[in-house]
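J.: Before I ask anything, here is the structure I am working with.
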Amino acid sequence: LSRALSYRRQRSKIHSERGKKMLRSLKEMIKYELSAKDGKLGRCKDFLFDEEKWTLRYIVADTGKWLPGKKVLISPISLGEVDSRAHTLSVRLTQKEIEESPPLDEDAPISRRYEQKWLQYYGWPNYWYGDSLWGPTDYPVELYLERKQDLDEELEVTEETHLRSVWEVTGYHIHAVDGDIGHVEDFIVDDKTWVLRYMIVDTRNWLPGRKVLISPRWIQSIVWAENKVYVNVTSDAIRNSPEYDPDQPVHPDYESRLHEHYGHSK
């Protein structure tokens, strides 16, 4: 009975947390400190996103002297509160759980097979099976409550993953249907679904001092060999779009004006 009550309390807390989403800059979050249940983990070093669904799948932690030489991944599945005042991200794991997670070479790519092994270690379901952003749900934290005790299931060999580094894409040129119009400066993320909602585009080479937002929904393709993001909008549409002020939060009314400008629903 006590276990059932604890489960219900956790689920109730998670549902209450889901209602407090904010849109945040990843460049701002790179300064945030990661805290486990029993101590500090380090700081955010990089963010890995799924280029198919434009959803942030992992935070790469800089653990400093705590785990030197080990690449540590933190999934949004295990994240708790985001405290923008204290610049901290809480993680619902212990230091030991993280330290004993499957090792990954610092420079090695993250394959789907490794992801399976990593998720299996924590007992979480695979996020890529299902119609929603995170398998059966749009909220990764809900998968935290689905942890299983049986971690010995045989792994299947599957295709390579589609993970990309946020900092790899930062600096890429934005190519509109009629020419270049700026470069990727930053990303705006929804801190509950962890979807990358917008790219922040700096147009200073064309429009001094002006920043605009581009939704991944308007991206035609990313050509990694060219370091370019091709968007299915014109240069004039970008020039005349509602200006983004990095010192102000992204409000729903601003989003509505932005999407209306481009002729898309929010």
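The values are calculated or read from the model by the stated rules, or taken from the named source; none is laboratory data. Here the structure is a predicted model, which is why all the values come from computation and not from measurement. Positions of Cβ are backbone-derived with ideal geometry, glycine not excepted, and every protein chain shown enters the neighbour counts. The accessibility values were calculated without ligands, DNA or RNA, using every heavy atom of the protein model including side chains. Shrake-Rupley method; radii C 1.70, N 1.55, O 1.52, S 1.80 Å.
J.: Filtering the range 216-235 down to residues that are under 21 Å from L258 (Cβ atoms) and free of Cβ contacts under 8 Å to residues at least 24 places away in the same chain, which residue is most open to solvent (accessible area, probe 1.4 Å)?
T.: The extreme case among them is Q220.
J.: Let me ask another. Looking at (1) open to solvent by less than 60 Å² (accessible area, probe 1.4 Å); (2) in contact with a Ser or Thr (Cβ under 9 Å, 6 or more places away or on another chain); (3) outside any loop (DSSP other than H, G, I, E, B), can you tell me which one Y254 breaks?
T.: Going through the list (1) open to solvent by less than 60 Å² (accessible area, probe 1.4 Å); (2) in contact with a Ser or Thr (Cβ under 9 Å, 6 or more places away or on another chain); (3) outside any loop (DSSP other than H, G, I, E, B), Y254 breaks only (2).
J.: Within the range 200-236, work out how many residues are under 15 Å from the mean Cα position of the chain (by Cα) and not in a loop (DSSP other than H, G, I, E, B).
T.: The qualifying residues number 2.
J.: Of E99, E17, E28, which residue is at pLDDT below 95 and touching a helix residue (DSSP H, G or I) at 6+ places or on another chain (Cβ under 9 Å)?
T.: E17
J.: Just to be sure, is D245 closer than 24 Å to E28 by Cβ, open to solvent by 10 Å² or more (accessible area, probe 1.4 Å) and either at pLDDT below 90 or out of contact with any strand residue (DSSP E or B) (no Cβ under 7 Å at 6 or more places or on another chain) (or both)?
T.: yes
J.: Can you tell me which residues in the range 193-215 are over 14 Å from S25 (Cα atoms) and open to solvent by 40 Å² or more (accessible area, probe 1.4 Å)?
T.: Passing the criteria: R204, N205, W206, P208, G209, R210.
J.: Let me ask you something else. Of all residues being more than 21 Å from the chain's Cα centre (by Cα) and open to solvent by 60 Å² or more (accessible area, probe 1.4 Å) in the range 257-266, which is farthest from E28 (Cα to Cα)? Just the residue, please.
T.: G263
J.: Could you list all residues from the range 173-199 that are touching a Lys or Arg at 6+ places or on another chain (Cβ under 6 Å) and assigned to a strand (DSSP E or B)?
T.: Result: H173, H175, D186, I188, V189, D190.
J.: Those residues that are open to solvent by 40 Å² or more (accessible area, probe 1.4 Å) and under 23 Å from W66 (Cβ atoms), I need them from the range 96-143; list them, please.
T.: K96, E97, E99, E100, P103, D105, E106, D107, K117, Y121
J.: To continue, here is another question. So, in the range 33-57, how many residues would count as being crowded, with 16+ Cβ neighbours inside 10 Å and touching a helix residue (DSSP H, G or I) at 6+ places or on another chain (Cβ under 8 Å)?
T.: 10
J.: What number of residues within the range 37-78 satisfy the criterion of being modelled with pLDDT under 95, of a type in the set (A, V, I, L, M) and touching a Ser or Thr at 6+ places or on another chain (Cβ under 7 Å)?
T.: Matching residues across the range 37-78 total 2.
J.: How many residues are under 16 Å from the mean Cα position of the chain (by Cα), of a type outside the set (D, E, K, R) and over 12 Å from D191 (Cα atoms) when one looks only at the range 46-87?
T.: Of the residues in that region, 13 qualify.
J.: Please determine whether any residue of the range 89-102 is assigned to a strand (DSSP E or B), more than 27 Å from I214 (Cα to Cα) and of a type outside the set (K, R).
T.: yes
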